[in-house]
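Here the structure comes first, spelled out in structure tokens, and everything after it is commentary.
The values are calculated or read from the model by the stated rules, or taken from the named source; none is laboratory data. Owing to the predicted nature of the structure, the values given are computational and were not obtained by experimental measurement. All Cβ positions, even for glycine, are placed from backbone atoms using ideal geometry, and neighbour counts span all protein chains on display. Areas reflect the complete protein model, heavy atoms only, side chains present, ligands, DNA and RNA absent. Shrake-Rupley method; radii C 1.70, N 1.55, O 1.52, S 1.80 Å.
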Amino acid sequence: MSLVLVRVDGRLIHGQIIHAWVPETGADCLVLANDDTANDKMQRSILELSVPRGIEVAILSLDEAATEFKNGRWDGSRVILVLANCADALKLYKDGLKFDNLNLGNLQFSENKKQVTGSVALDNFDLKNLKELSELGVSIEARSAPLDRPRSFSEIIKLNWNLPSK
């Protein structure tokens, strides 16, 4: 199995992943790992229908995804792993799914979040999870599309982080 992209994107599977990242990475498989989505039959069906033929799609809970990766389900595949949030990325990493790079694609702005790029807003909880991943050796960048200039995690943590605690 080759993880060609591990991406945090609150929009989950959508056109940007299908039409930009799949061709850029040569992916033939999309794995969405998120507990809420895996348990929502309607949302799963809609997301599965959005993926073109010829690309395998799996929508699993975090535990299921960790197990399937460990068991070699996607050996020989070029996989894009999509996660809904930074906490899910850290959980999978700690559960044994090691990856070298993490792409922050789209995390919507809300109260108590800081906009760090045009498409990524982080709060203190996100920052804590990302710092831990970075300390574990994961290279983190914020980049919405393949042709966008990546913003490194070291650039992001230099921003003023005077955010109120939740």
Inset, instruction - Please report the orientation-averaged projected area of region 12-110, defined via the convex hull of its C-alpha atoms, in nm². - result: 6.5
Legend entry - Under 19 Å, Cα to Cα: Lys pairs in the chain, sequence gap 8 or more or different chains: 21
Inset, instruction - Select one label from [x] 126; [y] 163; [z] 111: the one whose number is volume of the Cα convex hull per residue in Å³ as derived from the coordinates shown. - result: [z]
Legend entry - Where labels lie 7 Å past Cα in the beta-carbon direction, separation of Asn39 and Ser152 in nm: 4.0
Inset, instruction - Please go through region 84-158 and write out the trypsin sites (Lys or Arg not before Pro) that DSSP classes as loop and that have at most 14 other C-beta atoms within 10 Å. - result: Lys98, Lys158
Inset, instruction - Only bridges with both residues in the chain count here: give the DSSP antiparallel percent, nearest 5. - result: 15
Legend entry - Inter-probe distance in nm under a simple model that places probes 7 Å from Cα toward Cβ, at Lys70 and Gln115: 4.2
Inset, instruction - Note down the magnitude of the dipole of region 69-120 about its Cα centre, charges +1 on Lys and Arg C-beta and -1 on Asp and Glu C-beta and zero elsewhere, to the nearest 20 debye. - result: 80
Inset, instruction - With label points built 7 Å along Cα→Cβ from the Cα atoms of Ser139 and Lys94, find their separation and express it in nm. - result: 2.6
Legend entry - Computed accessible area, Arg11, all protein chains, 1.4 angstrom probe, square angstrom: 100
